[in-house]
Amino acid sequence: MRDREPYLHHEFVGKFQNQSARRMARPGERWSETLLRRAEEALLVSKIREEQMRLGVDEREWVGNEGNVQQEEEEEEEEEEEEEEEEEGEEKDTRNVHFGELSNESRPVQSSSEQQTMEATVSAEDMGDMMDQFTYIMHQKFLSGEDHQHFDYSKIDEDVSLDDHWLREANRDAEDKYFAEDDYDEEMQ
C-alpha cells in the first residue's frame, strides 16, 4: 500500500517512523537486497516530494530534508550560543543578574528539530490507529474503483462467474430439483 500511495502513507504513518532505520541493513539481509531496498526507498521519497511540491508544502517539511534542516538548526544554535556567551560576558561585567534568577537569554532553547521529534513521537497505540486509518482509506479507494493505476477492474467486470446472477440461477435449480423430487414421490404413491 505504501508503494501505491506513498504521500498518504507518509502523512498517516511515515513521518512518525524512524527514517534512518529504513536505510540500515536488516539482520540476515544480503547487501544486494539492501541496495535494492534503498533504491526503492529513494524512488518513494521522490514521489512523496513531488506530491509535497504539488501541494505547496514548505520545503523545510519535505521528506528527506531532515539533514538540511538539522544543519540549519545547528548553525542557528551556534549563533545563539555565541550570542549567549557575549551576553554572559556582559552580565559578568555588570553583575545585574541576582543569584537564582534566570534571564530569558539563559533559559534552555529547544531547537525546532527537538520540537518536531517531540511532536512526531507517537505511542504504539496511536501508531496502530493511524495505520488502521490508512488501511481503511486504501480499502475504500480500492472498493470505489480509484485504484485503477495498480489494478485492472475490467477483469472483474468481464468475469461473469463473479456476477450475482449465478446465485438466482442456483436457487432456481435447487427449487426445480426439490419440486421434481416431490412430484416423483407423488407419482410413485
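The values are calculated or read from the model by the stated rules, or taken from the named source; none is laboratory data. Please read these numbers as outputs of a predicted model, since none were measured by experiment. Here the Cβ positions follow ideal geometry from the backbone for every residue, glycine too, while neighbour counts run over all protein chains shown.
Points worth noting:
- N104 out of contact with any helix residue (DSSP H, G or I) (no Cβ under 9 Å at 6 or more places or on another chain), of a type outside the set (F, W, Y) and at pLDDT 70 or above: no
- Beta carbons closer than 7 Å, at least 6 apart along the sequence or on distinct chains, never pair a first residue in the range 43-63 that is under 9 Å from P6 (Cβ atoms) and free of Cβ contacts under 8 Å to residues at least 40 places away in the same chain with a second that is acidic (D, E) and in a helix (DSSP H, G or I).
- V69 surrounded by 13 or more Cβ atoms within 10 Å (Cβ to Cβ) and either modelled with pLDDT of 65 or more or part of a loop (DSSP other than H, G, I, E, B) (or both): no
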